[in-house]
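The values are calculated or read from the model by the stated rules, or taken from the named source; none is laboratory data. Remember, predicted model here, so these are calculated numbers, not experimental data. All Cβ positions, even for glycine, are placed from backbone atoms using ideal geometry, and neighbour counts span all protein chains on display. Ligands, DNA and RNA are stripped out before the accessible areas are found, and what is left, the full protein with its side chains, is counted by its heavy atoms. Shrake-Rupley method; radii C 1.70, N 1.55, O 1.52, S 1.80 Å.
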Amino acid sequence: MRTLALLVVFAAGSLFSAPISPGITVTVTPTLGPDFVTSANFDAWSTNVVTGLSTNTTPGAGLSAYVPITNGTVLNGNEFIATPFSSWQGVTPGTYPSEKGTGLYFSLKIVAQGGVTFNLDGLSAQETYLGQVQLPYFAGDFSGGPGVLNGVRRLGVRATGGFTDGTDTSATALTALYYVGVGFVQGLDPAAVGTDQQKIDATVLGVQSLADKTTNVCYSVSAIGNSTGPVAGCGNVGIANAPASGVPEPGTMVLLGAGLAGLAFLRRRLA
């Protein structure tokens, strides 16, 4: 009789366990971090980004901290500017004199469930910066060495057999992916003159004076064996109207206009 009672309870409990709906979820979150070209802190920061995305936490402190930004947030243009001299978020020498600027990244979290899988061959991204559509990122940009791309750890992937960061091929069936993200920094306007800080201020003012003050990245991923089309997710931020750290001198403003036409192409792109 006791055994029968246990069986009844187990059967009743199973009636309330709903099956997991198959599908893929794509979540894109903007974040600021060290410049991917010059910063000695970028590798530690990117490790924390991957960890934060996979655990829903914000690990790290200082330059290595992963701090997500809400989509639609308006940033100052100085917050993702890079320089050939010491600076941090548009200030020279900056709080961190060993740094040469800050980057804007769009971190990516992909989770598949209900038996659905995907791979890096099915992943792509499209960036739009200051109203101009940039060259897209295709599968080849992501599959050149999962876990370590461009010499740093930026991808965390979960294969069907478990978490295997850094060892998967572009065709490995995945159920989750955590990625530091497509990112870029804004370079100095070559027409800007004056002190280092005046060059930064002039560049920031130029970025913020453009008509379209938004930047966004959209990722697209296709399920393996699914012909219904890819699943997409986007992240975006706005750019403030006012210069963050001062107004350039009149002489700088005269020269600024000559460089604005190509300003959007001065940024360095992170694949």
Open item on the list: Quick check on segment 20-32. Is at least one of its residues within 23 Å of Ile200 (Cβ to Cβ) and open to solvent by 60 Å² or more (accessible area, probe 1.4 Å)?
Closed with: no
Task: Single residue of segment 11-40 satisfying the filter (closer than 21 Å to Val221 by Cβ, of a type outside the set (A, V, I, L, M, F, W, C) and part of a loop (DSSP other than H, G, I, E, B)) that is modelled with the highest pLDDT - done: Pro22
Task: Candidate set: segment 41-91, residues that are in a strand (DSSP E or B) and in contact with an Asp or Glu (Cβ under 9 Å, 6 or more places away or on another chain); chosen: the one farthest from Ala240 (Cα to Cα) - done: Ser87
- [ ] With the checklist (1) at pLDDT 85 or above; (2) buried (at least 21 other Cβ atoms within 10 Å of the Cβ); (3) polar (S, T, N, Q) in hand, flag the one item Gln113 doesn't pass.
- [x] (2)
